[in-house]
1. Would you order VAL181, VAL157 from fewest to most other beta-carbon atoms within 10 Å of each residue's own beta-carbon?
2. Can you give the extra length, in nm with one decimal, that the chain gains between ASP219 and LEU274 once fully stretched, where that is 0.36 nm per residue apart less the Cα-Cα distance?
3. For the charge dipole of region 66-132, defined by +1 on Lys and Arg C-beta atoms and -1 on Asp and Glu C-beta atoms about the Cα centroid, which residue among HIS128, VAL75, GLN115 has the Cα displaced farthest towards the positive pole?
4. So how far apart, in nm, are the two label points at ARG140 and ARG118 if each is 7 Å from Cα heading toward Cβ?
5. From the phi of every residue in region 54-65, what ³J(HN,Hα) in whole Hz does the Karplus formula 6.51 cos²θ - 1.76 cosθ + 1.60 yield, where θ is phi - 60° and glycine or proline is x?
6. Dipole magnitude of region 24-156 about its Cα centre, charges +1 at Lys/Arg Cβ and -1 at Asp/Glu Cβ only, in debye to the nearest 20?
7. Just to verify a number: FRET efficiency for GLU169 and THR195, C-beta to C-beta distance, R0 = 22 Å, to 0.05?
8. Report the Cα centroid-to-centroid distance between region 246-260 and region 134-176 in angstrom, as an integer.
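Derivation of every value follows stated rules applied to the coordinates shown; laboratory data play no part. Because the structure is predicted, anything quoted here is derived from the model rather than measured. Don't worry about glycine lacking a Cβ; one is built from the backbone with ideal geometry, like all the others, and counts go over all protein chains shown.
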Amino acid sequence: EKAKLLRSQPAQIVEPKGLLYVQQREFAVTTPKDGSVSILGSDDATTCHIVVVRHTGSGATCLTHCDGSDTEAEVSLIMSSVKSFSNSSGCGRLEVHLVGGFNDDRQLSQKLTNQLLRAFDLQPEDVHLVTFCVTELNDREEQDIHFPIIYGIAVNVKTAEIFPATFPEKGPDEDLRSAHVLTGAPLTNIYDAKTEQLRIGPYFWGPFPHVDFWLEQDDAQILQNLSTSPLAEPPHFVSHIRATLTFLKEHPFPSQSLFPDRKPRIYKKNEEGLWEQVQYRTEQCQQDTAAGAQALPAVKLNVLPLGEAWKGENQFSTEPTTGIWRSSPCKAQPNTAH
């Protein structure tokens, strides 16, 4: 019933004011007391799923964009993040909302759905599945081609309302954050609700393999090789991938060009409700160390020989310094790098 209601709603355009946009393999958690962020949201999910976990007592709400890279560990991480804001609340329950995926040919959506259900089932706490609008329940067919009905959602942290959404602005640091994903990032917490600060990085990678080759390819080749669902991608997919690859080419060593001091890029909402970069303060070092500990440990990453098709499995590994792709159902990595 919840899925039917959600599917029937048109996607709302969410403007940047009060919004915290979450990219693939990122998560953010906050509470209704947050004076800066009132909306958490993410979109561009084809085979990916967007997950919302909320504690009804404290109102603590987490949104993440899962791609199946390490689902069990990711669910444990987001559950811990919500519970950390809910310890003082004696009443309430944990609720989960799952949205995304469709009947894709390779059944990547169904695989991720199963992984998420299993991961939540393994949690020691009772978790109540409130919204289940995934895979077959989020599928539409047009001229024998399958598409997701809902590509993105937002959650109002203060009212708990969840609705289909699109986001004209996906920053700050959209290309940097996308590059972090494409070079094999683990799920990363990007927001400190206590200080109401968005923290990006520090992120590190090496020169990206065959980046010039991929930038020379036409749109059809990029779509065919860098997406797990080429026929279902939104119109801006190729331009987004090109921008990310260009960013990787321009910053082969982010430790030198982006994070020479090994400190995060910190943003705070200004009076207009928009993100504004703020000066890093020395006393934040300990907080950053603690925040960094919430990210999952590094994983082995994959690079395939030129021309080798990615089969959706972690078949090859390489050292992180080579500049790396990791299998990711929403943004498939190229044939040279899967």
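1. Values: VAL181 24, VAL157 27.
Result, fewest neighbours first: VAL181, VAL157.
2. Value of the extension gain: 16.5 nm.
3. So the residue we want is HIS128.
4. Inter-label distance under the simple model: 3.2 nm.
5. 9, 9, 6, x, 7, x, 4, 10, 10, 10, 9, 10
6. In debye, rounded to 20, region 24-156 gives about 600.
7. On the way: r = 22 Å, r/R0 = 1.00.
Rounded to the nearest 0.05, the efficiency is 0.50.
8. About 30 Å separates the Cα centre of region 246-260 from the one of region 134-176.
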